[in-house]
Every structure is written in C-alpha cells, then in structure tokens.
1. Once you put a point 7 Å from the Cα of ALA10 and another 7 Å from the Cα of ARG87, both along the Cβ direction, what distance in nm separates them?
2. What is the set of long-range amide H partners of LEU63 at a cut-off below 5 Å, with H atoms built 1.01 Å from backbone N?
3. Which residue fluctuates the most in the chain, going by a Gaussian network model with Cα springs under 10 Å, if the choices are ALA58, ALA13, ALA31?
4. Could you run the Karplus curve 6.51 cos²θ - 1.76 cosθ + 1.60 with θ = phi - 60° over segment 65-79 and give me ³J(HN,Hα) per residue in whole Hz, x for Gly and Pro?
5. Note down the nm distance, to one decimal, between modelled labels 7 Å out along Cα→Cβ at ASN113 and at GLU17.
6. With N residues in segment 9-65, what two-decimal value do you get for its Cα radius of gyration over 2.2 N^0.38 Å?
7. Taking the 0 to 90 degree range and rounding to the nearest ten, how far is the long axis of helix 101-112 tilted relative to the main principal axis of the chain, both from C-alpha atoms?
8. Could you list, bin by bin from short to long, the percent of Cα-Cα pairs of the chain in 5 Å steps?
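A short reminder: the numbers here are calculations on the coordinates, not readings from a lab. Only a predicted model underlies this, so the values are computations on that prediction, with no experimental measurement involved. For neighbour counting, all protein chains shown are included, and Cβ atoms are generated from backbone atoms with ideal geometry for every residue, glycine included.
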Amino acid sequence: SDLPTQLVAAFRATLEEVTAADLIVHVRDMANPDNAMQKQQVLEVLRDLEVIDGEDEAAIPILEAWNKLDLLDHAQREELEAIAAGRPDVALLSAQTGEGRDKIVAHIAGVLN
C-alpha cells in the first residue's frame, strides 16, 4: 500500500499478466495481524486490472492459500480450519513444514483440468 506510484506503474505490465491466467493463487500470511487489509489491497489491484468486478465476482478462479499455519496458536488455527471447511476457494497450508501441500496441489490440478 505504501509503494510509490512510479514503482506501481513500472510493474503494471507484469501485473497485467494476471489477466491471462487460468487460476490466481492468492497466498495470504495468516499469521500477520494485517492480513485482512492486505487481502483488500490485493482485491483492489485485481479490480484495477478488471479481473474482478465491484462486487468481487472474479472472471478468473481465485484460490486463497492461507499460509503460515505453523505460526498460529491452537485457537487461531481451529478458527481458520472451521472457516476454511465451508470455503471451497480456500486451502490451508504451511510452506515451511509442507503441511497442506498435497491438498493445494490437488485443488490447483482440479481447477486446471
């Protein structure tokens, strides 16, 4: 959110590659207390690229990879697991430990096939 306008403009062409994707995997740091705000910033960029509309309807499937499970305490982890259980667009994982890797790979394969 604090990037200079010139830097964002320089990366615009790279960001536009997203518009040709078959699937967007949005990796979220769920151990970061600002993760909800970070998600909103990503959604804003996707709106600017017209990948999603004002009502957050996506033209390209989006999978949220809720990362850093290994850094969460038991209560936080249980809360996220309960939320994710009802969300087919969410996969829980820890890139550090590899937990959840098979599930996210299977989800990606299912969308791409």
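1. 3.3
2. Counting only residues 5 or more places away or on other chains, the set is ILE24, VAL25, HIS26.
3. Top of the fluctuation ranking is ALA13.
4. 9, 7, 9, 6, 4, 5, 9, 8, 7, 4, 5, 4, 5, 4, 4
5. If labels sit at ASN113 and GLU17, their model points lie 2.7 nm apart.
6. Against the empirical 2.2 N^0.38 Å value, I get 1.13 for segment 9-65.
7. Roughly 40 degrees, rounded to the nearest 10.
8. With 5 Å bins starting at 0, P(r) equals 2, 10, 18, 22, 20, 15, 9, 3, 0.
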